[in-house]
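Peer 1: Quick one: this structure, given as structure tokens, is what I'll be asking you about.
The values are calculated or read from the model by the stated rules, or taken from the named source; none is laboratory data. Keep in mind the model is a prediction, meaning the values are calculated, not measured. Note that each Cβ is placed from the backbone with ideal geometry, even for glycine, and that neighbours are counted across all protein chains shown. Quick note on the areas: whole protein, heavy atoms, side chains included, nothing else; ligands and nucleic acids left out. Shrake-Rupley method; radii C 1.70, N 1.55, O 1.52, S 1.80 Å.
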Amino acid sequence: QGFFKIPVGLRLPPDQNHITFTFNRVDKRYPNVKFKYRLVNYDRTWSMPTSQQEVTYSYLAPGRYTFEVVATNKEGSWDAVPLRYDFVVQTPYYQTAGFVLLMV
């Protein structure tokens, strides 16, 4: 959706549970931007501040996730509201309640 063609309502199949996020803050007045990020339902805390603009998560268990990232501004303060992206890793058919019930 939009200019960057970011998928809305992303649902990853269980065998494609590997995702990479690339992010940036364009501010010509402040080239030393730092980022903190976390994957809700995976990471316990925010990452350490970094100038790295990419993170990869592999072998995600089935479930709902929200990736959040904040950046510093030209004064060095952190954004008050993180940028969020929701997605789902689907449950394999053999772990669904219907399949288990059928097998019983």
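Peer 1: What's the number of the condition VAL88 fails, among (1) touching a residue at least 60 places away in the same chain (Cβ under 8 Å); (2) hydrophobic (A, V, I, L, M, F, W, C); (3) assigned to a loop (DSSP other than H, G, I, E, B)?
Peer 2: (3)
Peer 1: Give the residues of region 56-104 that are of a type in the set (Asp, Glu) and out of contact with any strand residue (DSSP E or B) (no Cβ under 8 Å at 6 or more places or on another chain), sorted by residue number.
Peer 2: Scanning region 56-104 gives a single hit, GLU75.
Peer 1: Can you list the strands (runs of 3 or more DSSP E) lying wholly within region 1-53 that have 1 or more residues being surrounded by 10 or more Cβ atoms within 10 Å (Cβ to Cβ) and hydroxyl-bearing (Ser, Thr, Tyr)?
Peer 2: Here the list reads 35-40.
Peer 1: Residue check: is LEU102 among the aliphatic types (A, V, I, L, M) and in a helix (DSSP H, G or I)?
Peer 2: In short, yes.
Peer 1: With respect to TYR85, determine if the residue is open to solvent by 90 Å² or more (accessible area, probe 1.4 Å), on the phi < 0 side of the Ramachandran plot and among the aromatic types (Phe, Trp, Tyr).
Peer 2: no
Peer 1: Scan region 59-80 residue by residue and report those that are exposed (fewer than 13 other Cβ atoms within 10 Å of the Cβ) and among the hydrophobic types (A, V, I, L, M, F, W, C).
Peer 2: Those that are exposed (fewer than 13 other Cβ atoms within 10 Å of the Cβ) and among the hydrophobic types (A, V, I, L, M, F, W, C): ALA61, ALA80.
Peer 1: In region 40-56, how many residues are within 24 Å of VAL26 (Cα to Cα) and of a type outside the set (Asp, Glu)?
Peer 2: 10
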